[in-house]
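Visitor: Once you've had a glance at the structure underneath, I'll fire off some questions.
The values are calculated or read from the model by the stated rules, or taken from the named source; none is laboratory data. All of these numbers come straight from a predicted model, not from anything done at the bench. FYI the Cβ positions are ideal-geometry reconstructions off the backbone, even for glycines, and counts take in every protein chain you see. The accessibility values were calculated without ligands, DNA or RNA, using every heavy atom of the protein model including side chains. Shrake-Rupley method; radii C 1.70, N 1.55, O 1.52, S 1.80 Å.
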Amino acid sequence: LNEMSHRFKNELASVIGVISVASMRSKDMETRRILKEVVDRLHDHASICSALQMPRGSGAYDMSSYLRNLLVAISRAKLERKGVRVIYRELSPIRCSALQCWTLGLIVSELITNFLRHAPIESDGIIGVDLVEEDDRIECRVTDNGSCTLPIQEGNGLKIVRSLAGSIGGSITQRFGPRGTLSMVSFPR
């Protein structure tokens, strides 16, 4: 996984370089402006890749900080331009393994991607992420204010989310409705 992440970041950097050179060679100012926007967006998406890396080393990590950094990167790259805000609430720092941090980050990222893909919101969207520790379990609730009136069919994204939750001994439950979606991931500490 580290090698795949490294390769992906290298490929993204290569694409950014090619577009940057094309921008500098262009004599048309509008073309330069558009290509600069593309480069900026690619940098924003590269920051998601960096934020999604598994923490290195052994020991306990602050899951709250890990998620906060990831949500800032996702907001910049995917949400702000669409008028969608993320509200992140955690009670206190929650210490857990690198694998748990990384896995929960992948789950939250996929749930937000699903929201953007399937919820019919053009602006004023809100995604809430709550991280709490209850007894010997960690719970992460991801909510949105998108509407869902059609029956939900489980696609590849949700199958992957279920598999990821199961890989850390957890589960995910979801409720869909006209005023939004609630996804709750729960796993042992």
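Visitor: Could you tell me whether segment 65-81 includes any residue that is in contact with a Pro (Cβ under 8 Å, 6 or more places away or on another chain), within 27 Å of Asp130 (Cβ to Cβ), open to solvent by less than 60 Å² (accessible area, probe 1.4 Å) and not charged (D, E, K, R)?
Guide: First pass over segment 65-81, keeping only residues in contact with a Pro (Cβ under 8 Å, 6 or more places away or on another chain): 65-66.
Next, from what is left, pick out any that are within 27 Å of Asp130 (Cβ to Cβ): 65-66.
From the residues that got through so far, the ones that are open to solvent by less than 60 Å² (accessible area, probe 1.4 Å) too are 65-66.
Now restrict to residues that are not charged (D, E, K, R): 65-66.
Yes.
Visitor: Test Arg56 against the stated conditions and say whether it is open to solvent by 70 Å² or more (accessible area, probe 1.4 Å) and farther than 30 Å from Ser92 by Cβ. Spell out the reasoning first.
Guide: Values: open to solvent by 70 Å² or more (accessible area, probe 1.4 Å): yes; farther than 30 Å from Ser92 by Cβ: no.
For Arg56, the condition - open to solvent by 70 Å² or more (accessible area, probe 1.4 Å) and farther than 30 Å from Ser92 by Cβ - is not met.
Visitor: Looking at Ser47 and the list (1) within 16 Å of Cys96 (Cα to Cα); (2) of a type in the set (Ser, Thr, Tyr); (3) assigned to a helix (DSSP H, G or I), which single condition is not satisfied?
Guide: The failed condition is (1).
Visitor: Tally the residues that are in contact (Cβ under 8 Å) with a residue 24 or more places away in the chain, surrounded by fewer than 17 Cβ atoms within 10 Å (Cβ to Cβ) and not small (Gly, Ala, Ser), restricting the search to segment 152-175.
Guide: 2
Visitor: Considering (1) open to solvent by 50 Å² or more (accessible area, probe 1.4 Å); (2) closer than 19 Å to Leu71 by Cβ; (3) touching a Ser or Thr at 6+ places or on another chain (Cβ under 9 Å), say which one Arg41 fails and leave the rest.
Guide: Tallying (1) open to solvent by 50 Å² or more (accessible area, probe 1.4 Å); (2) closer than 19 Å to Leu71 by Cβ; (3) touching a Ser or Thr at 6+ places or on another chain (Cβ under 9 Å), Arg41 fails exactly one: (3).
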